[in-house]
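Written below as structure tokens is the structure these notes are about.
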Amino acid sequence: MKRLLLTLLLAGATSTAALAQSTVPIGTPPAPGTPTTNLILDAMLATARAASINPTAAKTASLNASAALQRYNMGDFNGARSAAIQALIDANRIPPTSIPVLQSTIPQTGALRFAPFPIAGGSVAAIDAEAFVAQARGAVAACRARNSPNSVPAAQKLAAAEHDAQAGRYQNVRIEARDAVDLCAAAQQQLNQGP
């Protein structure tokens, strides 16, 4: 008697474990004919197909298909449809693939060193200083065109900026060119607003 009881327990435990690992939905499928039952049957079939293609997706699809079947049996048709749709979505997921890493055939060096791109006109600071000088020239020309009383001091600042640009004192060029532009700002505004 003890042996029979032990055998029945072992058989029940192994069949329960096999059912738990199975990806096929548990339950008797409903009779086809209505949209809801057809949807549940499609979800169950898709789950069974997914078991051979994508087992991880089939497990979640199986749970949703079983839930759809249970909800249908309880009379919850909206819940059955939504669970069946989710089971179809899960069953039709694309299985993950691994993308192989391509190995380079070019010999690699530690760090490639390149010479900096040559800049026409010298360095960035020299080009920047030339831009400040050009802006100051335009401002002094506006001062002279409007006969501004600041045209003489602005011209002096411009000459100093040009001299410092040639000498390579680029920080001084910025200051002197800005001073020249500031001195001629009113004349520049009048010239810009004119016809």
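What follows draws every value from the coordinates through simple rules; no lab data is involved. Since the structure is predicted, the reported quantities are computational estimates derived from the model, not experimental observations. Methodologically, a virtual Cβ is constructed for each residue, glycine included, from the backbone with ideal geometry; neighbour enumeration extends over all protein chains shown.
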request  = Give the peptides 125-133, 70-78 in descending order of average Cβ contacts within 10 Å, highest first.
outcome  = 125-133, 70-78
request  = Can you tell me the FRET efficiency between residue 103 and residue 124 if r is taken as the Cβ-Cβ distance and R0 is 45 Å, rounded to the nearest 0.05?
outcome  = 0.70
task = Report the full-extension gain for the segment residue 135 to residue 77: residue separation times 0.36 nm, less the Cα-Cα distance, to one decimal in nm.
result = 13.1 nm
key: Potential extension, residue 38-residue 144 segment - 0.36 nm per residue separation minus Cα distance   = 29.1 nm
key: Packing-based ranking, highest mean first, of 97-103, 61-67 given that Cβ atoms within 10 Å are counted   = 61-67, 97-103
ask   = Full extension from residue 45 to residue 93: what is 0.36 nm times the residue separation minus their Cα-Cα distance, to one decimal in nm?
value = 15.8 nm
remark   = Under the rule rounded for a/c under 1.5, else prolate if a/b exceeds b/c, else oblate, using alpha carbon gyration tensor axes a ≥ b ≥ c, the range 24-91 is classed as prolate
